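Input: a single structure, listed below in structure tokens.
The values are calculated or read from the model by the stated rules, or taken from the named source; none is laboratory data. Everything numeric in this text was worked out from a predicted model, so none of it was measured. Glycine also receives a Cβ, built like all others from the backbone with ideal geometry; neighbour counts cover every protein chain displayed.
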Amino acid sequence: MKDQDDLVFDEDEAVKYILKNLPSEYKNKISSDDIDYVLDVMYEYYESNGFIEEDSAEEANIDEEEMFNFIMKTIKKEKEVTITEEELQLIIDGEFEYGKSIGVYKEAE
């Protein structure tokens with residue numbers, strides 16, 4: 001496993017990873033712009049809840065339902081993208097899988 005200081009979350013790579021791993025029936029429904037927007041809102045959620053600190057690599061337990069609801073509420077309010085709850089869940093799951101693949105996240109025990 002990589003040293004926490006060496007972990008770099010690359011948003012462009014995350015978008016590519018998520019797009020590549022979407023179920024085939026969603027590949028033409030979810031765009032890279034949709035994913036990029038959701039990731040931005042997700043990071044807004046992380047920051048507003050103190051999960052992203054520049055000088056900290058502490059583990060955090062994220063309430064996935066709360067985060068999902070925050071993102072969905074923001075999507076409906078801002079109307080920047082049009083995605084379903086199912087599509088949002090696929091993006092969130094893909095972001096988690098990307099994070100695991102680079103060592104940023106690990107499964108809850």
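Look through the range 33-56, keep the residues that are more than 14 Å from Ile83 (Cβ to Cβ) and among the charged types (D, E, K, R), and return whichever of them is modelled with the highest pLDDT.
Glu44
Which numbered condition in (1) at pLDDT below 90; (2) touching a Ser or Thr at 6+ places or on another chain (Cβ under 8 Å) is the only one that Asp5 fails?
Here Asp5 clears every test but (2).
Condition first: surrounded by fewer than 17 Cβ atoms within 10 Å (Cβ to Cβ) and assigned to a loop (DSSP other than H, G, I, E, B). Now tell me which residues in the range 66-81 satisfy that.
Matches in the range 66-81: Lys79, Glu80.
Hey, does the range 10-32 have a residue that's part of a loop (DSSP other than H, G, I, E, B), surrounded by fewer than 16 Cβ atoms within 10 Å (Cβ to Cβ), touching an Asp or Glu at 6+ places or on another chain (Cβ under 8 Å) and modelled with pLDDT of 90 or more?
First, pick out the residues of the range 10-32 that are part of a loop (DSSP other than H, G, I, E, B): 10, 22-23, 27-31.
From the residues that got through so far, the ones that are surrounded by fewer than 16 Cβ atoms within 10 Å (Cβ to Cβ) too are 10, 23, 27-29, 31.
Then keep just the ones that are touching an Asp or Glu at 6+ places or on another chain (Cβ under 8 Å); that gives 29.
Checking which are modelled with pLDDT of 90 or more leaves us with 29.
Yes, the range 10-32 contains at least one residue that is part of a loop (DSSP other than H, G, I, E, B), surrounded by fewer than 16 Cβ atoms within 10 Å (Cβ to Cβ), touching an Asp or Glu at 6+ places or on another chain (Cβ under 8 Å) and modelled with pLDDT of 90 or more.
What residue, of Phe96, Phe70, is in contact with a helix residue (DSSP H, G or I) (Cβ under 6 Å, 6 or more places away or on another chain) and either closer than 14 Å to Ala14 by Cβ or at pLDDT 85 or above (or both)?
Answer to the check: Phe70.
Please go through the range 33-51 and give me each residue that is without any contact (Cβ under 8 Å) to a residue 40 or more places away in the chain and in a helix (DSSP H, G or I), ordered by number.
If the condition is that a residue be without any contact (Cβ under 8 Å) to a residue 40 or more places away in the chain and in a helix (DSSP H, G or I), then Asp36, Asp40, Val41, Tyr43, Glu44, Tyr45, Tyr46, Glu47, Ser48 are the ones that fit.
Between a first residue in the range 11-32 that is touching a residue at least 60 places away in the same chain (Cβ under 8 Å) and within 18 Å of Tyr105 (Cα to Cα) and a second residue that is charged (D, E, K, R) and buried (at least 18 other Cβ atoms within 10 Å of the Cβ), which pairs have beta carbons less than 8 Å apart while being 6 or more apart in sequence or on different chains?
From the range 11-32, the pairs are Ala14/Glu95; Ile18/Glu95.
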